[in-house]
Structure formats: structure tokens, C-alpha cells
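Below: the structure, in C-alpha cells.
The values are calculated or read from the model by the stated rules, or taken from the named source; none is laboratory data. Note that the coordinates shown come from a computational prediction; the quantities given were computed from them, not determined experimentally. Note that we place each Cβ from the backbone using ideal geometry, even for glycine, and neighbour counts take in every protein chain shown. Just the protein is used for accessible areas: all its heavy atoms, side chains included, with ligands, DNA and RNA removed. Shrake-Rupley method; radii C 1.70, N 1.55, O 1.52, S 1.80 Å.
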Amino acid sequence: MQTSDNPPFPAALRIFSAGVIIVLIVGAGLFFAPALVKPRWPWPVTPFSARFLGGFYTAEMAVMAALLFWNRWSPGRLVLVMAFIFTVIVSAVSLINLGYFNFERKATWLWFLVYLASAAVSGLFLWWGRARPSVKGVPLNPAWRGYMLAETAILGLYGVGMLLFPLVVTSSWPWPVDPFHGQVYSAIFLAGAGGTYLVWRSAPREELLVLGLAQFLVGLLAILGLVITDAAVHRIDWTATKTLCWLALFGWIAVSGIFKLYAASHHFSSKTA
């Protein structure tokens, strides 16, 4: 990566990224140690919601680690756009659903502090680089570009549907989802749509890698979390149409991530051959 084409961010962003990763480790605990983390979470979560959120926070932790490692415009631009979309939506949804939160817990105050600060910091650094062009990207053939535009539309429409009509959209999920959680989940899809759109316009190798890794982990851990949780509670009808559709959705997200990882690594191999 050439500094002139891909300049570093100020060291302050790296410090902030390290702090966010520490917080995300707690969120990831919903997947790996739900019995320990759930009693301390800012609001009550069901077993399925806990593992689903924990899987996403694990994927987000990997994305923030990429920003901490590179700390450059690429893949920082991608990470910051996705973080800004996610934190703004979740912050807004949280503020209009204060009744879900237990303000006697320190974790609740920390939740709002981290999310509002993350939205402000990501927005600030995006504004700082608003005039900077993207790093030269990997050449994508027309089929790839068409696919990624379609992916952007699907993720975006699904996310908007969950945000505006959470009960309608989540009625097709394998477990009951209340409106608050549905709207929180919408941020995952909308952040994914924003990231995919950026890569569709210009696909720097680092951004393909980070987006591919994020999608692979989100899809894989969502499915794995469902399997692990149901092994304990036995509430999922695995032959139901809605369960199969949900598995297909997150399986597609995971496979799409693998394709992006392959495209990035294939380009790197051809450049170094």
C-alpha cells in the first residue's frame, strides 16, 4: 500500500479502535459464554437473540481488528461507513425504546456511551476524508458488478423492511422476534448494504477482504448459533419453510463472503506471481 494513495489515519483512531474491540469482546461473550454475559446485558435477551447478537459482535470485532491493524483509508473507509450506519441506527432505535433498558446497570450507560461515541467518531473521520478518492480497486468483471449491485439492493431492502415493519419481516424468522430486536437487527443488513455498495463502486483488495470476512462470519455464526442454542432448548422446527428460508438467507451471506475473500486473494496472487 502506497502512502500517497492510501494514507494512514491519525493515531487517535487506532486508540479508539482498540477501545471498541475491548467492548466488543463483551458482546461476543453472548455467543461464547451467554450464561455469563446475559445477566449483565443492558436489556433482557432470549437464548436465540443472545447467540445471534453475539455472533454479529464477533464479526464486528474482526472488522475493527482490521481497522486497528491497517489504520489506513483502505479498508478504513469501508469499516467507518459500516460502523456509522450501524451505530446511528442502533442508537436511534435504542433511544426510542428506552423501556427495554435497565438503567440500574452500568452496562446500560456504557451501551449508550459507546454507541453514541462510535457514531460521532466514525462520522468525524468520514467527514475528514470526504474529499479523498477511494484507493485503486480490484478490476471486477460485469457479472461481479451486477451481482454486487443486486446484493446491495437485497440487503438494503431487507434492512429497511426490518426497520419499518419489524414484526412483518421477522415473522419469517425461526424464533419469535420483538419489534425492538427486529429494528436492531435491521442495522446489520443496512450496514452490509452500505459496505457492499462501496465495494461495488470501487473494490480495493483490503476492502474486499474485510467485507468478505465480515459476511462470512455473520452468516456462519448466525447459523451455528441457531444450531447450538436449539441443541439446548429444542424449539426450532427445522423442516418449517421459514426456518429453511432463514438458513438460506444467512447461508447466502456466508457464501457471498467466501466469494469476496476468493476474489481478493486471487487478485493478490496474480499481482505477486
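The figures follow:
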{"read-out": "Elements of type helices (runs of 4 or more DSSP H) in region 7-85, at least 3 residues being farther than 25 Å from residue 233 by Cβ", "value": "11-32, 47-70"}
{"read-out": "Verdict on residue 94 being of a type in the set (S, T, N, Q) and either part of a helix (DSSP H, G or I) or open to solvent by 80 Å² or more (accessible area, probe 1.4 Å) (or both)", "value": "yes"}
{"read-out": "Per-region count, region 155-182, residues β-branched (Val, Ile, Thr) and open to solvent by 90 Å² or more (accessible area, probe 1.4 Å)", "value": "1"}
{"read-out": "Residues of region 102-116 satisfying the condition of being more than 22 Å from the chain's Cα centre (by Cα) and either acidic (Asp, Glu) or open to solvent by less than 40 Å² (accessible area, probe 1.4 Å) (or both)", "value": "104"}
{"read-out": "Boolean, residue 53 is farther than 30 Å from residue 174 by Cα, surrounded by 20 or more Cβ atoms within 10 Å (Cβ to Cβ) and out of contact with any Cys (no Cβ under 9 Å at 6 or more places or on another chain)", "value": "no"}
{"read-out": "Residue within region 233-254 that is among the polar types (S, T, N, Q) and buried (at least 19 other Cβ atoms within 10 Å of the Cβ) present", "value": "no"}
{"read-out": "Counted residues, region 19-50 - those being open to solvent by 30 Å² or more (accessible area, probe 1.4 Å), under 23 Å from residue 98 (Cβ atoms) and touching a helix residue (DSSP H, G or I) at 6+ places or on another chain (Cβ under 7 Å)", "value": "4"}
{"read-out": "Residue list for region 192-215, filter: open to solvent by 50 Å² or more (accessible area, probe 1.4 Å) and more than 21 Å from residue 162 (Cα to Cα)", "value": "200, 201, 205, 213"}
{"read-out": "Residue 93 among the β-branched types (Val, Ile, Thr) and within 20 Å of residue 250 (Cβ to Cβ)", "value": "no"}
{"read-out": "Restricting region 117-145 to residues that are assigned to a helix (DSSP H, G or I) and open to solvent by 40 Å² or more (accessible area, probe 1.4 Å), the residue that is nearest to residue 198 (Cα to Cα)", "value": "145"}
{"read-out": "Residue among 53, 80, 36 that alone is of a type in the set (A, V, I, L, M) and over 21 Å from residue 155 (Cβ atoms)", "value": "36"}
{"read-out": "Index of the failed condition, residue 87 passing every other in (1) over 17 Å from residue 10 (Cα atoms); (2) open to solvent by 30 Å² or more (accessible area, probe 1.4 Å)", "value": "(2)"}
